[in-house]
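To start, the structure under review is shown below, and the notes come after it.
The values are calculated or read from the model by the stated rules, or taken from the named source; none is laboratory data. Please read all numbers here as calculations on a predicted model, not as lab measurements. So basically every Cβ, Gly included, is an ideal-geometry build from the backbone, and we count neighbours across all protein chains shown. Surface areas here come from the heavy atoms of the whole protein model, side chains and all, with no ligands, DNA or RNA. Shrake-Rupley method; radii C 1.70, N 1.55, O 1.52, S 1.80 Å.
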Amino acid sequence: MFVLKFGGTSVADRAAITRLIEIVRATRQAALPNVLVGTQQDPRGPIVVVSALGGATDRLLGLAAQAGAGDADGARENVRLLLERHVEVAGVITDDGLRSEVEAYLGREFGSLARVIAALAVLEEVSPRWLDAIAAVGELTSSRIVAAALESSGVPAEWVDARKVMVTTAEHTAAPPLMDETEAKLNYELIPLLAARQVPVMGGFVGATVDGVTTTLGRGGSDYSAAIVGACIGASEIQIWTDVDGMLTADPRLVPSARVVPQLSFDEASELAYFGVKVLHPATILPAMAKNIPVRILNSRRAEALGTLITASRPSSGLPLTAVASKRNVTVVDISSTRMLMAHGFLHKLFGVFEHHATSVDVVTTSEVSVSVTVDDVRRLPRILEDLKAFAEVTSTRDLAVLCVVGEGIKGDATFVSRLLKALGPVPIRMLSQASERRNITIVIPDADLPGALTRVHEEFFA
Ligand code: ADP
Ligand code: ASP
Ligand code: MG
């Protein structure tokens, strides 16, 4: 049985949802017993996980910010526009009865959103808990529209409220799942639907605490939801349907000549996702890897393209590099202490500060007198810097970017690093690191240099 996840662009409008319906229908037909070949695949499913309509999450968080700034009128107007868009997209539901039911649901959801927004605009404060409640409206409503659209196109489908099945901690805006609780709830809710040959449809990204308070898994988290569902239900494949032909050799927005990587290992895919390849949420691979479930990235606009298949291991491509990842808006923190650096316990103390403020560091380099780390999430940086200053000299630099080359062939190629540095050209390197596994090399450079550097590195290794 397959789990199919459709991202924002794959549910952005009526045309996209019509394509989604055909993909789900084709998946069901392919899973029917094949009389000629005599194979009997699991005829159940698929399970469909959807994102909010493309751009809706940004809009929702935008109007939450408006409310926080006390702009009640602006926020109310944006709620109205968002409702209007959802009603327009719900026009894809051909059955009149089903469409009016969904319109009524949209009216209720956006009505309560408007009331929440009005209250928050008075308080001029939006807590993480309310941010989650607001953001969740995107996936709750999109999944409701998609379920009804499938049903009215002759694909028996049943909407599942993600808050009833995805159990998370209370770490609002980036809540990790509680896997045992989630597995129990998913099986309880989905197995009867699957047995009745229904297609369960749920929103990704959204969950709830054990007490039923709405949470979200973090931006881009619908991929993660799909992988969690796949692992808990024991799917045979997790498909991530998006707007590009698969995992590409570089970010196509920065390197237009980037091309599809047909196969990746779980390790490579994790590394690429972790270092900023947006097509996959960084946590997606973990549940899939734990249960050894293949993940496939596919283009919902070109369903016939082969996409990228991610499995435990893959045949060698013969190339030293698999892909180049990049991440912008990175901050480097330099911590130096001539007296203490080599002293016993210094690094423990240093990383303890980051841990205390729940901020993860991505790249780390050390020299005799200093340690440099990169940070993505700078929300708690002022307090982190303050704590570090208690025992070291600290500076931070913004507007940097990470460029990370990933490939199984790096370690076997003695000329690799010199080729890489030559291709980088005259770019000031702020940090450079190669881990012991030697599957990647990570370089931190000024953000303004990233597009040029990425293009040259890509040209050198993939042209
Ligand atoms: P979805 O809404 O389907 O989840 P995302 O916007 O999260 O889609 O991710 C898809 C986008 O990721 C692509 O449109 C592409 O611009 C971007 N992207 C960045 N780097 C890569 C890469 N190496 N391979 C594929 N896509 C990438
Ligand atoms: N809608 C959410 C976001 O935009 C989750 C997702 O699309 O994966 O971040
Ligand atoms: Mg995404």
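Quick look at the values:
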{"quantity": "Residue in region 151-167 that is over 25 Å from Ala290 (Cβ atoms) and assigned to a helix (DSSP H, G or I) present", "calculated": "yes"}
{"quantity": "Selection count, region 179-216, where residues are assigned to a loop (DSSP other than H, G, I, E, B) and open to solvent by less than 70 Å² (accessible area, probe 1.4 Å)", "calculated": "7"}
{"quantity": "Number of positions in region 125-152 that are open to solvent by 40 Å² or more (accessible area, probe 1.4 Å), in contact with a helix residue (DSSP H, G or I) (Cβ under 8 Å, 6 or more places away or on another chain) and modelled with pLDDT of 95 or more", "calculated": "4"}
{"quantity": "Of all residues making up region 50-75, the number that are in a loop (DSSP other than H, G, I, E, B), open to solvent by 40 Å² or more (accessible area, probe 1.4 Å) and within 16 Å of ligand 3 (Cβ to nearest atom)", "calculated": "1"}
{"quantity": "Of residues in region 224-280 being of a type in the set (Ser, Thr, Tyr) and in a loop (DSSP other than H, G, I, E, B), the one nearest to ligand 1 (Cβ to nearest atom)", "calculated": "Thr249"}
{"quantity": "From Leu400, Leu319, residue being in contact (Cβ under 8 Å) with a residue 24 or more places away in the chain, part of a loop (DSSP other than H, G, I, E, B), in contact with a helix residue (DSSP H, G or I) (Cβ under 8 Å, 6 or more places away or on another chain) and within 30 Å of Thr249 (Cα to Cα)", "calculated": "Leu319"}
{"quantity": "Total residues in region 298-315, condition within 16 Å of ligand 3 (Cβ to nearest atom) and either over 11 Å from Gln263 (Cβ atoms) or at pLDDT below 95 (or both)", "calculated": "4"}
{"quantity": "Whichever residue in region 220-274 is among the polar types (S, T, N, Q) and open to solvent by less than 10 Å² (accessible area, probe 1.4 Å) and, among such residues, is nearest to ligand 3 (Cβ to nearest atom)", "calculated": "Ser222"}
{"quantity": "Verdict on Pro287 being modelled with pLDDT of 95 or more and within 24 Å of Glu459 (Cα to Cα)", "calculated": "no"}
{"quantity": "So Ala305, is it open to solvent by 10 Å² or more (accessible area, probe 1.4 Å), among the aliphatic types (A, V, I, L, M), under 26 Å from Glu459 (Cβ atoms) and touching a residue at least 24 places away in the same chain (Cβ under 8 Å)", "calculated": "yes"}
{"quantity": "Leading residue by the ranking (surrounded by the fewest Cβ atoms within 10 Å (Cβ to Cβ)) among those in region 403-454 that are assigned to a loop (DSSP other than H, G, I, E, B) and hydroxyl-bearing (Ser, Thr, Tyr)", "calculated": "Ser436"}
{"quantity": "Of residues in region 281-292 being under 18 Å from the mean Cα position of the chain (by Cα) and part of a loop (DSSP other than H, G, I, E, B), the one nearest to Ala16 (Cα to Cα)", "calculated": "His281"}
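Listed here are the residues, each with its yes/no results for (1) in contact with a Ser or Thr (Cβ under 8 Å, 6 or more places away or on another chain); (2) under 19 Å from Leu272 (Cα atoms).
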{"site": "Thr366", "(1), (2)": "yes, no"}
{"site": "Val369", "(1), (2)": "yes, no"}
{"site": "Ser372", "(1), (2)": "yes, no"}
{"site": "Asp377", "(1), (2)": "yes, yes"}
{"site": "Ile384", "(1), (2)": "yes, no"}
{"site": "Lys389", "(1), (2)": "no, no"}
{"site": "Ala401", "(1), (2)": "yes, yes"}
{"site": "Glu408", "(1), (2)": "yes, yes"}
{"site": "Lys411", "(1), (2)": "no, yes"}
